[in-house]
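**Q** A single structure is presented below for examination.
The values are calculated or read from the model by the stated rules, or taken from the named source; none is laboratory data. None of these values were measured; they are calculated from a predicted model. Positions of Cβ are backbone-derived with ideal geometry, glycine not excepted, and every protein chain shown enters the neighbour counts. What goes into the accessible areas is simple: the full protein's heavy atoms, side chains included, and nothing from ligands, DNA or RNA. Shrake-Rupley method; radii C 1.70, N 1.55, O 1.52, S 1.80 Å.
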Amino acid sequence: MSDQTAQIHALDVRPILAAGGEPLGDILAALASVGSHNVLLITAPFRPRPLIALLTEKGCGVAVHALPDGSHAVAVVKDAPVVAEDLTDLPPPEPLEAVLSADLTGQSAAAFWLPRYPSLLVPLLAKRPLSWAISVVEDGAALLLLRPQTDTAAAKAPVDAQAAEDNSAGPRP
Amino acid sequence: MKLGAATAAGLSPDQGPPLLVPIFLFCMAPVSLIAAGGVIATSPTSQWLPAAMTATHIGTLGLLGATMLGALYQMLPVLAGSPAPAIRLGHGVGGLWVVGAVSLCAALWRPEPLRFFVAIAGLGAALGLFLGPVAIALSRAKARAVEVRGMTFAVLALGIVGGLGLTMAYGWATSALPANRAAWVTVHLCVGLLGWVGMLLTAISTQIIPMFYLTAPFPPRIASAAVWLGGVSVLLWTAGLAWGLSATTLAWTAAPFALYVWLIHPIVALKLLAKRRRKRKDVSVQFWQAGSLVAPFVGIAAALTLLSDDPRWPLLFGWLAIFGWGGLIVHGMLTRILPFLVWFHRYAPLVGEMKVPPMRRMFPPSRSGPALIAHLSAVGLGTVAILTGQPVVFAGAGLSLVISGLILAYAMVRLLPGLDADVGPCH
């Protein structure tokens, strides 16, 4: 797999906290295993402000999506201070339009929170020199990670090696 | 922790039907509004029965039916993840549906056996070509969500209501109507308005309303229970007809699902729409709200039809159900889905590569707003006309419906590729 392939790794720390544990070690270990410009998607039972500050200091981009039960999905883009654009309050087709219009020139990654799994967007992404990963969270919103591809071969089939794997952390509509 | 790249699953534009298939069926909506309005505006009082029958079937076959067939073709791949096979048959469905619907309406207006036989052939063939592939698609659907079950029951109801209708048309043509005609008409009406139109609109709305209007999700337990209630009701009415139950008994068995379709669902929909996250002015929302507000009056008119012999109530019930509740919602969805489809097919692949027009400009409020006002005026005037029997008010209602259809037709013509210079890509 090309190191330009976008990946989202999911880590739910709610069971750790519910058991009285301290998840920081698990988070840092998970982050260490994440490739540069990829995403660690942490699900926490509250908005983890100290963690967000710590990860931002480490040069990561962090974007938080609040879930209906009070939990928070925290997208951490490693080694890339990009902040996920929140498109969850846009009706279709505006999120699709915003993603495809995004200027990725000079960027190593871009992330977007979308209102749902972007069924209509995926085939359009496949026609562009991009690698992408999508993860659906519990309220149906989806995190989209885009990475520009410079390798033509990889760009044509950015997800072939992993196509059978569903990267969703929740139900996909 | 799971590691992986994105799933490759997604909806390719190739998976959807060719744009012309749903568009052709959708084009019957404005034509039907104009035709129904013309019939209502010009019919003398002495002709009210054939005029009412004709306008009813223009509304059910042209405005509601054709639009819903087109919508089903479009929604199957999106909501069920399973496109209809042999989708090019959809062109034949559209053509045969037009021939059948026009012939049936002509036959109801001026009965002639040949017209009925052409209607039976056209609508029968259209139903066959539609139901076969759609049933296959639904049987292949991986998703078993509420909306997919709702679509399945609605398609079943379409088959039943079509079968009942074609049998009665044959009875008209050969002067051999079923002996228990009132029961047949009751079941035809219940399966058609509640099982087909009600089931599809309510089930699909559980996805459409949150998706297009950014509302909270539709309460899943209510939606799921309602779909099962509707499915069982359709089977019960059909079995009841076969068992020889009376029209009145059959009508009362419709009460639970009617209560959901014309009271509970509209209340939930109105509450969700009132609390939508983004309150940008959207005329299609106002169509939804208007249709939902009319719905309880449909239920009241239905109850009065059962409880009273006054001939105005069944007329009012049909008017409010077809051109009020169902017609307003379908009209509103056309103002939202049409520009979305055209924009997606024409411009989505070009976004980011050239400047493309925003979807909102393709069906602006300056067109949909007046269409809503004209449609609402028609519903209001028609109600007054039925209650007072004043020919001049009937004429006003019909004229309003014609105006509403003309505005919708104009907006649709402006949307079609190549005809609207204002919305071409900006090179």
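**Q** Using only atoms on other chains, find how many Cβ atoms lie within 10 Å of each Cβ of peptide A:108-116 and report the average.
**A** 1
**Q** Can you tell me the alpha carbon radius of gyration of segment A:70-118 divided by the globular rule-of-thumb value 2.2 N^0.38 Å? Display every interim value, and only then the final one.
**A** Details: Rg = 11.8 Å, N = 49, 2.2 N^0.38 = 9.7 Å.
Segment A:70-118 yields a ratio of 1.23.
**Q** Can you give the average number of partner chain beta-carbon atoms within 10 Å of each beta-carbon in peptide A:132-139, as a whole number?
**A** Per residue, the number of nearby Cβ atoms from other chains is 2 on average.
**Q** Something else: Which whole-number percentage describes the relative contact order of segment B:16-143, with Cα contacts under 8 Å and a sequence gap of 6 or more? Walk me through the intermediate numbers first.
**A** Values: 170 pairs, mean separation 38.2, N = 128.
Taking the mean separation of contacting Cα pairs over the length of segment B:16-143, I get 30 percent.
**Q** Related question: For segment A:21-65, list residues with backbone N below 11 Å from a point placed 7 Å from the Cα of A:ASP86 toward its Cβ?
**A** Inside the label zone: A:63-65.
**Q** Over all alpha-carbon pairs of segment A:40-124, lay out the pair-distance distribution in 10 Å bins, whole %, shortest bin first.
**A** All Cα pairs considered, the percentages come to 17, 43, 33, 7.
**Q** Given 37 °C and 0.692 mPa s, compute D for segment B:278-343 with the Stokes-Einstein relation, Rh being the Kirkwood radius over Cα pairs; round to the nearest whole µm²/s.
**A** 254
**Q** Right, here's the next one. Mind checking the log10 I(q)/I(0) for segment B:16-143 at q = 0.10, 0.13, 0.21 Å⁻¹? Debye, one equal scatterer per Cα, no solvent, two decimals.
**A** Listed by q, the Debye log ratios stand at -0.35, -0.55, -1.10.
**Q** Distances over 18 Å make up what percent of all Cα-Cα pairs in segment B:156-297?
**A** Cα-Cα pairs in segment B:156-297 separated by more than 18 Å: 59 percent.
**Q** While we're here: Relative contact order for segment B:88-239: what is it in percent, counting Cα pairs under 8 Å that are at least 6 residues apart?
**A** 23
**Q** Ranking request for peptides B:298-305, B:184-191: highest mean number of other beta-carbon atoms within 10 Å first, then the rest in descending order.
**A** Values: B:298-305: 20.2, B:184-191: 24.1.
Peptide ranking by packing, descending: B:184-191, B:298-305.
**Q** Using label points projected 7 Å from each Cα along Cα→Cβ, tell me how many nm separate B:ALA303 and A:ALA66, to one decimal.
**A** 4.1
**Q** Can you give the FRET efficiency to the nearest 0.05 for B:ALA143 and B:ILE222, using r as the Cβ-Cβ distance and R₀ = 25 Å?
**A** Approximately 0.85, to the nearest 0.05.
**Q** Right, here's the next one. Over all directions, how big on average is the projection of the convex hull of the alpha-carbon atoms in the protein assembly as shown, in square nanometres?
**A** One quarter of the hull surface, i.e. the mean projection, equals 28.3 nm².
**Q** Relative to 2.2 N^0.38 Å, what does the C-alpha radius of gyration of chain B come to as a ratio? Two decimals please.
**A** Taking the Cα Rg and dividing by 2.2 N^0.38 Å, one obtains 0.96.
**Q** Could you work out the helix-only [θ] at 222 nm for chain B, with each DSSP H run of four or more residues adding -39,500 (n - 2.57) and the total divided by the number of residues, to the nearest 500 deg cm²/dmol?
**A** Numbers: 18 runs with 292 residues, N = 427.
So the calculated ellipticity at 222 nm is -22500 deg cm²/dmol.
**Q** Enumerate lysine pairs in chain B that are 8 or more residues apart or on different chains, then count those whose Cα atoms are under 29 Å apart. Provide the component values of the computation, followed by the final result.
**A** Working: B:LYS2/B:LYS142; B:LYS271/B:LYS279; B:LYS271/B:LYS281; B:LYS279/B:LYS355; B:LYS281/B:LYS355.
Close lysine pairs found across chain B: 5.
**Q** Just counting partner chain Cβ atoms within 10 Å, what average do the residues of peptide B:342-352 show around their Cβ?
**A** Values: counts 0, 4, 5, 0, 0, 2, 8, 5, 2, 9, 10.
If you average over the peptide's residues, the count of other-chain Cβ atoms is 4.
**Q** Quick check: Cα centre of segment B:345-399 to Cα centre of segment B:32-86, how many Å?
**A** Rounded to whole Å, the Cα centres lie 16 Å apart.
**Q** Oh, and also: Taking a probe of 1.4 Å and counting only protein heavy atoms, give the total accessible area buried between chains A and B in Å², rounded to the nearest 100.
**A** The summed interface area works out to 3200 Å².
**Q** Measuring from the lowest to the highest alpha carbon on each principal axis, how far does segment A:8-161 reach, largest first, in angstroms?
**A** The principal-axis extents, from largest down, are 47, 32, 27 Å.
**Q** Can you compute the modelled spin-label distance between B:TRP243 and B:ASN180, with each label point 7 Å from Cα toward Cβ, in nm?
**A** So the two model labels end up 1.0 nm from each other.
**Q** Related question: Which whole-number value in Å³ per residue fits the convex hull of the alpha carbons of segment B:80-198?
**A** Details: hull volume 11.3 nm³, N = 119.
Considering the Cα atoms of segment B:80-198, their hull volume per residue is 95 Å³.
**Q** So, by mean Cβ neighbours within 10 angstrom, what's the order for B:242-249, B:315-322, B:407-414, A:56-63 with the highest one leading?
**A** The densest-packed peptide leads the list: B:315-322, B:407-414, A:56-63, B:242-249.
**Q** Express the accessible area of segment A:8-161 per residue in Å², computed with a 1.4 Å probe while the remaining protein chains stay in the model. Spell out each step's value before the answer.
**A** On the way: 6080 Å² over 154 residues.
Per residue, segment A:8-161 has an accessible area of 39 Å².
**Q** What are the principal axis extents of the Cα atoms in segment B:34-84, in Å, biggest first?
**A** 51, 16, 12
**Q** Output the relative contact order of chain B, whole-number percent, from Cα pairs under 8 angstrom with separation of 6+ residues.
**A** About 18 percent, as a whole number.
**Q** Once phi is turned into ³J(HN,Hα) by the Karplus curve 6.51 cos²θ - 1.76 cosθ + 1.60 with θ = phi - 60°, what whole-Hz value does each residue of segment B:87-93 show in order, with x for glycine and proline?
**A** In residue order, the calculated couplings are 5, 5, 4, x, 4, x, 4 Hz.
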